[in-house]
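The values are calculated or read from the model by the stated rules, or taken from the named source; none is laboratory data. Computed from a predicted model, the values in this text were never measured in an experiment. With ideal geometry, Cβ positions are generated from the backbone for all residues, glycine too; neighbour counts draw on all protein chains shown. Each accessible area value is taken on the protein alone, full model and side chains, heavy atoms only, with ligands, DNA and RNA left out. Shrake-Rupley method; radii C 1.70, N 1.55, O 1.52, S 1.80 Å.
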Amino acid sequence: MADTSNQLWEEHADWWIEGFTDGADPEYEEQILPLAAHEIAGARRVLDIGCGDGQVSRLAAANGVEDDITVIGIDPTWNCLAVASGRGGGPAYGRAAAAALPFADESFDTAVACLVFEHIDDVDDAIAEVARVLELGGRFCFFLNHPILQTPDAGWINDHTVDPPEQYWRMGPYLVESATIEQVQKDVFIRFIHRPLSRYVNALAEHGLVIERMLEPSPPPGFLEISEQYEAASAFPRLLYLRLRKIS
């Protein structure tokens, strides 16, 4: 199944790069990247796990222009890494999976994973690797598509059986860990893995990574303005952010 996920990302890398990078996506531009810039500030050795086209890696490198900063982005997808390398900006890039990081123990003071772990099968191994390569006291900046949005078959329901009609968010089985291949756009299929928040938090804690900060922000204005339907989503967090600190 992991091989299937990697193959789908290779086939559909253009969907991600064209729709969510280089200023194309308001959630990245107005919310994710500003938050990442704030949370990465002061870092000296940064690992961007699942870097995609490298937009978070470039942001980290730009934050440290006047300082001695090292930024490395890793991703298992060749098509994404080719774009990341072409866009430059200071980071170094390599092909690797989150569950087998090719770095020595305590190599980084900061690790970032931005909308990545919801595509990773071997989550326990990946979290163990994050903890291993972080120095004691290091931070892990962990961005997830909020688990309430990743439940199987979740989505907006327009209920016309009542007067006036109502719209509400249908949740799937939240407590069940499950993998689905979703059609995110016509002829574009991506594999997602839903896990309840407790699954992540407990695995992180087992490896000495404890929560310092948790954010569930409302979607940014640029996203809500895309469609009238999206305005109804203003009370639902699409993003979950955790800042974790390695304490042991």
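I'm spelling it out carefully: the read-out is Cα Rg over 2.2 N^0.38 Å, the candidates are [x] 1.16; [y] 1.06; [z] 1.01, and one was derived from this structure. Which label?
[z]
Please get the size of the charge dipole for the chain, origin at its Cα centre, with Cβ charges of +1 on Lys and Arg and -1 on Asp and Glu, quoted in debye to the nearest 20.
Result for the chain is approximately 660 debye, rounded to the nearest 20.
In percent, how large is the relative contact order of the range 1-68, given Cα pairs closer than 8 Å and 6 or more residues apart?
Reported relative contact order: 29 percent.
Contact order normalised by length for the range 1-126, with contacts defined as Cα pairs under 8 Å and 6 or more residues apart; what percent is it?
27
For the range 1-81, take the convex hull of the Cα atoms, compute a quarter of its surface area, and give me that in nm², please.
Average projection, Cα convex hull of the range 1-81: 5.6 nm².
Taking the Cβ of Ala92 as the center, what net charge do the other residues with Cβ under 14 Å away carry, scoring Lys and Arg +1 and Asp and Glu -1?
+2
From the backbone phi of the range 97-110, what are the Karplus-calculated ³J(HN,Hα) couplings (6.51 cos²θ - 1.76 cosθ + 1.60, θ = phi - 60°) in whole Hz, Gly and Pro given as x?
9, 4, 7, 8, 6, x, 9, 6, 4, 6, 7, 10, 9, 9
Along the principal axes of its C-alpha atoms, what lengths does the range 142-187 span, in descending order and rounded to whole Å?
The Cα atoms of the range 142-187 stretch 41, 29, 20 Å along the principal axes, largest first.
Got a sec? What order do His12, His207 fall in by accessible area at 1.4 Å, biggest, i.e. largest, first?
Result of the area sort, largest leading: His207, His12.
Using the alpha-carbon atoms, what tilt in degrees (0 to 90, nearest 10) does helix 123-133 show relative to the longest principal axis of the chain?
30
Apply the Karplus curve 6.51 cos²θ - 1.76 cosθ + 1.60, θ = phi - 60°, to the phi angles in the range 206-220 and return the couplings in whole Hz, x for Gly and Pro.
Per residue, the Karplus-derived 3J(HN,Hα) values read 4, 10, x, 9, 10, 6, 9, 8, 9, 10, 10, x, 5, x, x Hz.
Just to confirm the number: angle between the C-alpha axis of helix 2-20 and the first principal axis of the chain, 0 to 90 degrees, nearest 10?
With both axes taken from Cα atoms, the answer is about 80 degrees.
What ranking, highest mean first, results for peptides 115-128, 49-62 when packing means the other Cβ atoms within 10 Å averaged over each residue?
49-62, 115-128
Taking the Cα centre as origin and putting +1 on Lys and Arg beta-carbons and -1 on Asp and Glu beta-carbons, what dipole magnitude results for the range 187-228, to the nearest 20 debye?
Value, rounded to 20: 280 debye.
How much of Ile211 can a 1.4 Å solvent probe reach, expressed as accessible area in Å² and rounded to 10?
The accessible area comes out at roughly 80 Å².
With all pairs of different alpha carbon atoms counted, what Kirkwood hydrodynamic radius in Å does the range 129-248 show?
Evaluated over the range 129-248, this radius sits at 16.6 Å.
Over the chain, what is the percentage of antiparallel beta bridges among all DSSP beta bridges, to the nearest 5?
Looking only at bridges with both residues in the chain, the antiparallel portion is about 55 percent.
Defining a contact as two alpha carbons under 8 Å apart and six or more residues distant in sequence, what relative contact order in percent does the chain show?
Taking the mean separation of contacting Cα pairs over the length of the chain, I get 18 percent.
If you keep only loop residues by DSSP, which GluC sites (Glu not before Pro) in the range 1-96 have at most 15 other Cβ atoms within 10 Å of their Cβ?
Passing sites in the range 1-96 are Glu66.
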